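The values are calculated or read from the model by the stated rules, or taken from the named source; none is laboratory data. Please read all numbers here as calculations on a predicted model, not as lab measurements. All Cβ positions, glycine included, derive from the backbone under ideal geometry; neighbour counts span all protein chains shown. Side chains are part of the model used for accessible areas, which takes the heavy atoms of the whole protein and leaves out ligands, DNA and RNA. Shrake-Rupley method; radii C 1.70, N 1.55, O 1.52, S 1.80 Å.
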Amino acid sequence: MYALPVEQTRWQVPGGGTTVFDWEYDEGRDRLLSLYEKGKQKQWDGAERLDWSIEIDKGNPMGVPEQTIAIYGSRVWDSLGEKDRGMVRHHLASWQFSQFLHGEQGALICSSKIVHTVPGLDAKFYAATQVMDEARHVEVYSRYLREKLELAYPINPGLKSLLDEVITDSRWDMTYLGMQVLIEGLALAAFALIRDIATEPLAKTLNAYVMQDEARHVAFGRLALRDFYPELTQAERAEREEFCVEACYLMRQRFLGEEVWRNLDIDADECIDYMRHSEHFKRFQSHLFSRIVPTLNDIGLFGDKMRQTFADIGIIGYENADLDQMMEQDEKIADDLDRARIEQVDQAIAVGQLADD
């Protein structure tokens, strides 16, 4: 099922960080403890909450219109027959879900690192719930790739590079910044696109349920860093802004899907060039930063260099977006899908009982 043998792609990263014990067991910060309570209450079982009996069409795994395909309208796309277009859809979906999976494994490792490096017992409490969340996300994405798509791609070089920086940096706040704000913020926006346009129910609900957890994780990062960054010197904040600038340019290239075009050998250079100049893809890239920009503004990393970067990328308009409203909407959509699922199960049971009678 692997596009490249796993023996060739296995990766070992030396970790950094100092373990911090906190002997102060008094009540912690109310906002973090409230998030911890929510994290406990919102645990779910991926084997039960998702309907794994659903069959998918590998020729259009997410059930999305062809206009959403990255190379739609290009000479390459127009030259492909229906079978080859289905192959492109299959590989693009497999590549995208593979990157989600690799990012979630990175988050699993980072959240476990946060437990032992972050000062403050309240933050350790919440980070412990996130470890379980991330393990569940790795479980459901790997199962979707294994059982439904039956194809997996190795980690994208840009994501790998960013994870390497986040995992090896010994400072606890850099783990938060790289994972909770940047990587998970980007993932949230990508999940939302699938949740909102997919008609295939398993991909739609899987991403909606993961988003319900991820919105809490981003909020966790915001709360911790918003309290910490005002204490830093201007030089220390500037260093972190520089890290964010480099990460944003790196992540902007992530979704070109170069590995797919090279693997399929269908005029890769032309596909990549078309995407770079496509208005549709530019809008897609812009949307991907819709969660990151207001979060960086909220935590105080929004100096001149950061503004210039976002203006260059074309995403400066997001800085005043209402993050809390976005989170509430993520929560509501997941709950609505859950209620609809339970109603369908109850109806099926009722129909079965009537048939027995």
Considering only residues that are among the hydrophobic types (A, V, I, L, M, F, W, C) and either assigned to a helix (DSSP H, G or I) or more than 23 Å from Met211 (Cβ to Cβ) (or both), look in region 36-79 and name the one that is most open to solvent (accessible area, probe 1.4 Å).
-> Ala47
Thr199 vs. criteria at pLDDT 90 or above, farther than 23 Å from Gln41 by Cβ and open to solvent by 10 Å² or more (accessible area, probe 1.4 Å) = yes
Pick from Arg307, Arg339: which is without any contact (Cβ under 8 Å) to a residue 24 or more places away in the chain and over 30 Å from Leu202 (Cβ atoms)?
-> Arg307
Note: among Arg252, Arg216, Arg222, just one is of a type outside the set (A, V, I, L, M), closer than 22 Å to Glu328 by Cβ, out of contact with any Ser or Thr (no Cβ under 7 Å at 6 or more places or on another chain) and surrounded by 16 or more Cβ atoms within 10 Å (Cβ to Cβ), namely Arg216
Of the numbered conditions (1) modelled with pLDDT under 90; (2) closer than 19 Å to Arg31 by Cβ; (3) not aromatic (Phe, Trp, Tyr), Leu256 satisfies every one except a single condition; which is it?
-> (2)
Among all residue pairs at least 6 apart or on different chains, which show Cβ distances below 7 Å where the first residue, located in region 28-57, is touching a residue at least 12 places away in the same chain (Cβ under 8 Å) and the second is basic (Lys, Arg)?
-> Leu35/Arg216; Lys38/Arg216; Gly39/Arg216; Gly46/Arg136; Ile56/Lys148
Filtering region 113-123 for residues that are part of a helix (DSSP H, G or I) and either free of Cβ contacts under 8 Å to residues at least 40 places away in the same chain or touching a helix residue (DSSP H, G or I) at 6+ places or on another chain (Cβ under 9 Å) (or both) leaves a count of 7
Test Ala334 against the criterion of being in contact with a helix residue (DSSP H, G or I) (Cβ under 7 Å, 6 or more places away or on another chain) and touching a residue at least 40 places away in the same chain (Cβ under 8 Å), and give yes or no.
-> yes
Among residues belonging to region 94-127 that are modelled with pLDDT of 95 or more and among the small types (Gly, Ala, Ser), point out the one that is farthest from Asp173 (Cα to Cα).
-> Ser94
Scope region 80-89; condition exposed (fewer than 14 other Cβ atoms within 10 Å of the Cβ) and not in a helix (DSSP H, G or I); matching residues = Gly81
Looking at region 92-101, is at least one residue touching a helix residue (DSSP H, G or I) at 6+ places or on another chain (Cβ under 6 Å), without any contact (Cβ under 8 Å) to a residue 60 or more places away in the chain and open to solvent by 40 Å² or more (accessible area, probe 1.4 Å)?
-> no
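Quick grid of which residues meet (1) open to solvent by 50 Å² or more (accessible area, probe 1.4 Å); (2) part of a helix (DSSP H, G or I); (3) in contact with a helix residue (DSSP H, G or I) (Cβ under 7 Å, 6 or more places away or on another chain); (4) among the polar types (S, T, N, Q):
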| residue | (1), (2), (3), (4) |
| --- | --- |
| Ser111 | no, yes, yes, yes |
| Phe125 | yes, yes, yes, no |
| Asp133 | no, yes, yes, no |
| Leu163 | no, yes, yes, no |
Working only within region 316-353, note down all residues that are open to solvent by 60 Å² or more (accessible area, probe 1.4 Å) and part of a loop (DSSP other than H, G, I, E, B).
-> Asn320, Asp322
